[in-house]
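Before any comments, here is the structure.
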Amino acid sequence: MNFRFTRRAAGAALASLALLGFSPSVLAQQMKLRLAHYAAANSPVDQAAQEFARLVNERTQGRISVLLFPSSQLGSVEANARDLSRGTLDLALLTPGSLAGLDPLLDIHYLPFIATNYQQADALFYNPSGVLQKTVRETLAKHRIQTMGFYELEFRAVTNSQRPIEKPEDLKGLKLRVPGSAAIKGFFEAAGAQAVVMPFPELFTALQQRTVDGQDNGASLTYESRLFETQKYMTTLQHVYAFGTFNASSQLWSKLSEADRNVMLATAQEVGKRQIQKNREINDQFLVKLEQAGIKITRPSDKVFAEFARIGQQVWDKLTPVYGAERIKALREEVASTRASTTR
C-alpha cells in the first residue's frame, strides 16, 4: 500500500516538474561544484574565477552552480592539485610551476627567460600545439586532472627588504622564498641567493617575521596579497613568465555530459582570454600602486638583463635531464624561432 502510494506521489511530482519545463534527465545532472584557488578575493584571478562560475551557471540554465573558495581557503596550490587528482575537489585554478612535487615536468614553463615580452609569451605559452601547453596538459592528465583553459599570472619580479637588486651580484646571500619549482630555485641559487621553497599561504608571515628576505612574484600578486607591506625593493626582472590553468578533476569530467564539458571548455577559454587582456591593461597600475606604497622599483637595462639571462641558461642545461633532451631541444628551437621575429 505504502509502496504504491510512493510511486504515485513520485509520478505526480515528476509530472508537475515536467509541466514546469524540467525533465528527469536534467534534474539528475544538477550539480553544486567547489572551485578553489590561491589568489586574494576580488583579485584579477579571483575575478576570472567569478566570471567562470557565473557563465557556467547561466549557460547550463542553473543546473551547474560553482561555489568559490579563494585565498587558499581549501589549501595551497599543491593541496588543491592533490585533491583534484583524488577526486575530492571538483575545480581549481592552478599554477603548474608550483607543482613540481606532483610531477617535475609541470615546472618546465618556469625555465628562466623563455619569453621576455608579451608578444613572445603569446607565441610560446598560448600555442595549443606548442611544447609548453602540450607538456602541461598531458602531464596534468596523467595525474587525473583535466585542463580546460589557460590564464595569465604575470612576468615575475623580485622583491626584498634588504637592498635594491640592480645586478646579479646583488642577489648573493639573500634568502628568497620560491615556489616548488626546480627552475626558479635553480636560477636564484646560480645567482648566489639562498632559495627557500615555501607554500604561498605561508609567505606573508615568513616575510613579516624575516624568516625570508624576499620573494619572486609579479606586481599584481605582490600588491593584491599585501606582500609589499613587508618589502622595500622590487626589480622587474621578468626572469619567468607564469601562466595558470583552469582545471577539473577527471572524476568530475567523467560524470559530465558532452554538452556540459563543452560549456566548461568554452567558458574557461573565453574567460582566460579576457583575463589575459585585462591583466596586461592593469599591470602598470599595480606598479604605480607599489611605488605609491613606498616600494623602490628597479628596471634593469638591456645590458644587465642580458647578464641575468646568461645565468638563466645554466638552469636550462642543468635541468635538461629532468625535462628530457628532445623536449628541451624542441623548446629551444621554438624560442629561437619566436625571438627571431620579436624583440625584448
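Using every alpha carbon pair in region 83-175, what percent of pairs falls into each 10 Å bin from 0 up to the bin containing the largest distance?
Bin by bin from 0 Å, the calculated values are 13, 39, 28, 17, 3.
Compute the FRET efficiency between S71 and N117 as 1/(1 + (r/R0)^6), taking r as their Cβ-Cβ distance and R0 = 22 Å, and round to the nearest 0.05.
0.10
List residues of region 148-183, by number, whose backbone nitrogen lies under 11 Å from a label position 7 Å along Cα→C-beta of K296.
Residues 162-166 qualify, since their backbone N sits under 11 Å from the label point.
Would you kindly calculate the mean projected area, averaged across all directions, of the convex hull enclosing the Cα atoms of the chain, in square nanometres?
In nm², the orientation-averaged hull projection of the chain is 19.8.
Roughly how far apart, in whole Å, are the Cα centres of region 232-256 and region 59-103?
Cα centroid of region 232-256 versus Cα centroid of region 59-103: 11 Å apart.
Cα axis of helix 325-340 to longest principal axis of the chain: angle in degrees, 0 to 90, nearest 10?
With both axes taken from Cα atoms, the answer is about 70 degrees.
Explain nothing, just the number: relative contact order of region 30-340, from Cα pairs under 8 Å at least 6 residues apart, as a whole percent.
Relative CO of region 30-340 lands at 25 percent.
Under a Cβ-only charge scheme (Lys and Arg +1, Asp and Glu -1), can you give me the dipole magnitude of the chain about the Cα centre, in debye to the nearest 20?
Roughly 800 debye for the chain.
Please arrange T236, T211, T60 by how many other C-beta atoms lie within 10 Å of their C-beta, fewest to most.
T211, T236, T60
How would you rank 79-87, 288-296, highest first, on the average number of other Cβ atoms within 10 Å across their residues?
79-87, 288-296
Using amide H atoms built 1.01 Å from N in the peptide plane, name the residues 5+ places from V197, or on other chains, whose amide H lies under 5 Å from its own.
V178
Can you compute the charge dipole magnitude of region 49-145 about its Cα centre, using +1 on each Lys and Arg Cβ and -1 on each Asp and Glu Cβ, nothing else charged? Give it in debye, rounded to the nearest 20.
Dipole magnitude for region 49-145 comes out near 280 debye.
Along the charge dipole of the chain, which of L174, Y151, F228 sits closest to the positive end, that is, farthest toward it, with unit charges on the beta carbon of Lys, Arg, Asp and Glu (+1, +1, -1, -1)?
It is Y151, whose Cα lies furthest towards the positive end.
Given springs between every Cα pair under 10 Å in a Gaussian network model of the chain, which of I282, I311, I108 has the largest fluctuation?
I282
Give me the dipole magnitude in Debye, nearest 20, for region 204-285 about the Cα centre, with unit charges on the beta carbon: positive for Lys and Arg, negative for Asp and Glu.
Charge dipole of region 204-285: 40 debye, to the nearest 20.
Quick check: residue separation of E229 and A325 times 0.36 nm, minus the Cα distance between them. What number comes out in nm?
30.3 nm
Calculate how steeply helix 131-142 sits against the longest principal axis of the alpha-carbon atoms of the chain, using the helix alpha-carbon long axis, and give the answer as 0 to 90 degrees to the nearest 10.
Helix 131-142 and the main axis of the chain meet at about 50 degrees.
Please compute the length gained on full extension between L265 and A41, using 0.36 nm multiplied by the number of residues separating them and subtracting their Cα-Cα distance.
78.3 nm
So who's got an amide H within less than 5 Å of the one on R34, skipping anything under 5 residues away but keeping other chains? H placed 1.01 Å off N, in plane.
Amide H to amide H, under 5 Å and 5 or more residues apart or across chains, R34 pairs with L67, D90, L91.
Return the long-range amide H neighbours of L74 (sequence gap of 5 or more, or a different chain), with a cut-off of under 5 Å between placed amide H atoms.
Correct list: H37.
Please give the helix 77-86 orientation as an angle from the longest Cα principal axis of the chain, in degrees from 0 to 90, rounded to the nearest 10.
With rounding to tens, the tilt is 40 degrees.
Measuring from label point to label point, each 7 Å out along Cα→Cβ, what is the Q61 to Q314 span in nm?
6.2 nm
What spacing in nm lies between the two simple spin-label points modelled at Q194 and Q251, each 7 Å away from Cα in the Cβ direction?
4.1 nm
Under 16 Å between alpha carbons, and skipping anything fewer than 8 positions from K185 in its own chain: which lysines qualify?
In chain and number order, the partners are K172, K175, K318.
FYI, it's all coordinate maths here, none of it is from the lab. Treat the numbers as computed from the prediction; the structure is a model and nothing was measured. All Cβ positions, even for glycine, are placed from backbone atoms using ideal geometry, and neighbour counts span all protein chains on display.
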